[in-house]
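Values quoted throughout were computed directly from the atomic coordinates according to the rules given, and no laboratory measurement underlies them. Since the structure is predicted, the reported quantities are computational estimates derived from the model, not experimental observations. Quick reminder, even Gly has a Cβ in these numbers, built from the backbone with ideal geometry, and neighbours come from all protein chains shown.
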Amino acid sequence: MQIWIHDKNMRKVCALNNNVPGMLPYSNSQWHTYLEYSTSTFDFAIPKIVDGKLHDDVKYINDQMYVSFYYDNTYHVFYVSQLVENDTAFQVTCNNTNLELAMESARPLGSSNGAKVLEWYLQNLDLRRIGLVWKYGINEVSDKTRTITFDSQQGTKLEQLHSLMNQFDAEFIFRTELNRDGTLKRFVIDIYQQPDENHHGIGKVRGDVILYYQNGLKGVQIASDKTQLFNAGYFVGQEGTNLIDVEFEEKNELGQVEFLF
């Protein structure tokens, strides 16, 4: 896969490719997608030294750059959220440009004065990125209407968007379109009916693919997080006595009470 590096004005300045001799390579790439919010993160490393010398394109690697690659018929565009540089390499941590909605506070919207279609809410909630063009693509819930009120406690724009989609029983994905020079052309939002007997939601129905364990399917990972788990005990003695009923005190050598339970 080829990764494009854009300058701060989104113009393409160089590319990373592991299969073309002489081009700046990359390693340890990790692309994590978050279906619920139609966004993703992308981490990778870039060496400075290629074929025994400092590569010319290293001068384009900085925390003001943008990163993109083409996958599944669309460009995925990221901004750099963290850049760690040492003598020999860069470690780059990127967020999808859609994640900027997660850092912008949503504004309240009073009564809609009756039921409205989803596109009306998208326009009036000011979810569009300032200075960028949005386009509505697929909309499987275009005929649905809802009466919704958003108050000032709605949170970020991304949370507000997710809440809005839930109330229309919808899912969404963003697609990014770029100009020929790599600058950002527009965002496209596709809206799907949540999966039911007649709709498959986001993604594709792949009845032609069968996954076999240790072949197409390497395994299943289950994560458990106990960092917010607290233990509690309830003790009952004879005749129903519990710790609440017990008083205990601790005295020092002078007979003074130091602890009282």
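Between Thr149 and Val209, how high is the FRET efficiency from 1/(1 + (r/R0)^6) when r is the Cβ-Cβ distance and R₀ = 41 Å? Nearest 0.05. So the FRET efficiency works out to roughly 0.40. For a label point 7 angstrom out from the Cα of Asp51 toward its Cβ, which stretches of segment 13-34 have the backbone nitrogen within less than 17 Å? Answer for segment 13-34: 15-26. A simple spin-label model places pseudo-atoms 7 Å from Cα toward Cβ; at Asn62 and Asn17 they are separated by 2.6 nm. Magnitude of the charge dipole for segment 1-73, about its Cα centre and with charges confined to Cβ atoms of Lys, Arg (+1) and Asp, Glu (-1), is about 260 debye.
Do any of Lys8/Lys48; Lys48/Lys185; Lys53/Lys185 go past 25 Å between their Cα atoms, and which?
The pairs that break the limit, which is 25 Å between Cα atoms, are Lys48/Lys185; Lys53/Lys185.
Working from label points 7 Å from Cα in the Cα-to-Cβ sense, the Leu217 to Gln82 distance is 3.3 nm.
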